[in-house]
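Since the structure comes first, as structure tokens, the remarks are kept for the end.
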Amino acid sequence: MILYEDVRDLDPGAFLEAARKRTAAEAGLLMTAWQAARLPADLQSAHAAKAAVTVPDFLTYARLINTGQAKAMLALSGSFPKTILAGISAGMAVARSPLRAAKQDFWVVAEALLRYDLALLPAAFRGPVLIHPYLADFAFQFERRDFLTRFFKGAWGRFEPGFHTQQLPLALSCAVRWNTVPVICAHPFSSSSGAGSGVSPDLQKSPNWAGCRFIGDASGFPEDLQHRETLGAMADVLSGFIQRYNG
């Protein structure tokens with residue numbers, strides 16, 4: 001069973017401390033792209049096989065931009081060269097639709113932030129990269145197939161593409177119709193829903209979906225329930241869980 005500890009809310013100092021503490025841990029870290037960019041080479045190697053990344057860090061970036069702290073956003077990665085390259089990558093999304101960008105079109109901004117974060121990822125990282133649930137669910141709700149398919153097409157061969165979702169039935173319906181099968185799908189886990197997955201057994205048995213790992217997000221559970229044995233007993237059809245980092 002796969003386990004991820006969610007460290008995405010940690011500030012730079014606390015994140016690096018957590019990364020050093022967890023070098024030999026069984027669970028991997030679920031982090032942001034700017035956090036991954038901050039990892040020194042030894043920690044990149046230690047976490048490369050177990051980590052997963054959420055892109056973009058939508059809420060943090062939105063808060064900093066909306067409060068006039070764009071410089072703080074650019075400083076998060078701790079690397080000026082990486083920030084420059086990421087900014088160039090983001091600028092390509094803006095250059096493709098300058099009129100929409102001038103009007104602060106949501107999807108142009110979203111793609112720019114997505115490209116920015118993908119460019120921050122360490123070159124050696126090949127693990128799961130999941131679209132933030134807000135962006136993924138907006139794309140599903142508003143039928144923005146283009147947004148998801150561009151991400152998936154650009155991802156193959158570089159890392160394992162997937163998404164977070166808080167609307168699992170809608171997400172799976174769109175993914176099936178769009179022929180966009182994630183390598184990993186993270187969704188809220190409910191201990192009161194039987195197996196807890198909400199995933200159709202027929203879908204799981206489909207050859208096209210055989211490689212998809214469904215991960216239950218249990219980070220909102222009480223601490224005494226966030227243990228491998230407890231979670232495993234509540235759901236044996238999931239590939240793993242996300243649990244809260246507790247230091």
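Here are a few things to note about the model shown:
- Applying the condition of being assigned to a loop (DSSP other than H, G, I, E, B) and of a type in the set (F, W, Y) to the range 143-170 and asking which residue is nearest to H187 (Cα to Cα) yields F159.
Yes/no matrix, rows are residues, columns are (1) part of a helix (DSSP H, G or I); (2) surrounded by 20 or more Cβ atoms within 10 Å (Cβ to Cβ); (3) of a type in the set (V, I, T); (4) at pLDDT 85 or above:
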residue: G198; (1), (2), (3), (4): no, no, no, no
residue: G211; (1), (2), (3), (4): no, no, no, yes
residue: E229; (1), (2), (3), (4): yes, no, no, no
residue: F241; (1), (2), (3), (4): no, yes, no, yes
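- The residue that is farthest from the chain's Cα centre (by Cα), among those in the range 173-189 that are closer than 16 Å to F138 by Cβ and part of a helix (DSSP H, G or I), is S173.
- For A24, the conditions (1) over 16 Å from G162 (Cβ atoms); (2) buried (at least 21 other Cβ atoms within 10 Å of the Cβ) all hold with the exception of (2).
The values are calculated or read from the model by the stated rules, or taken from the named source; none is laboratory data. What you see is a predicted model, and the numbers here were worked out from it, not measured in a lab. With ideal geometry, Cβ positions are generated from the backbone for all residues, glycine too; neighbour counts draw on all protein chains shown.
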